[in-house]
1. Taking θ = phi - 60°, what integer Hz values does the Karplus form 6.51 cos²θ - 1.76 cosθ + 1.60 yield along segment 61-78, in sequence order, with x for Gly and Pro?
2. Taking the Cα-to-Cβ direction at Ala65 and at Ser46 and moving 7 Å from each Cα, how far apart do the two end points lie in nm?
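Since every read-out is calculated from the coordinates, none of them should be taken as a lab result. For clarity, every value in this text was computed on a predicted model and none was experimentally measured. Cβ coordinates were reconstructed from backbone atoms using ideal geometry, including for glycine residues, and neighbour counts include every protein chain displayed.
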Amino acid sequence: MIVGFSIALIIFSGLLLLLVLMHKGKGGGLSDMFGGGMQSSVGGSSVAERNLDRITVVVGLLWFACIVVLGLLIKLDS
């Protein structure tokens with residue numbers, strides 16, 4: 001069971017990394033270095049951006065739940 005949650009944690013970590021990198025940059029910082037500062041916002045976020053936000057939040061919550069369950073399993077195992 002611990003191995004299964006460890007694999008799930010690795011998958012959720014990689015997915016969360018990709019989802020965060022897909023977000024549009026909001027201002028100065030590293031996002032401008034990769035071309036995010038050249039685009040102008042046309043009036044808020046689109047449907048795709050809102051869906052990306054929702055998916056990122058859900059994956060983040062699943063990632064956090066995986067960490068909590070994995071910690072409890074390791075504590076109960078020892």
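1. So the Karplus estimates, Gly and Pro as x, are 5, 5, 4, 5, 4, 4, 5, 5, 5, 5, x, 5, 5, 5, 5, 6, 6, 8 Hz.
2. 3.0 nm
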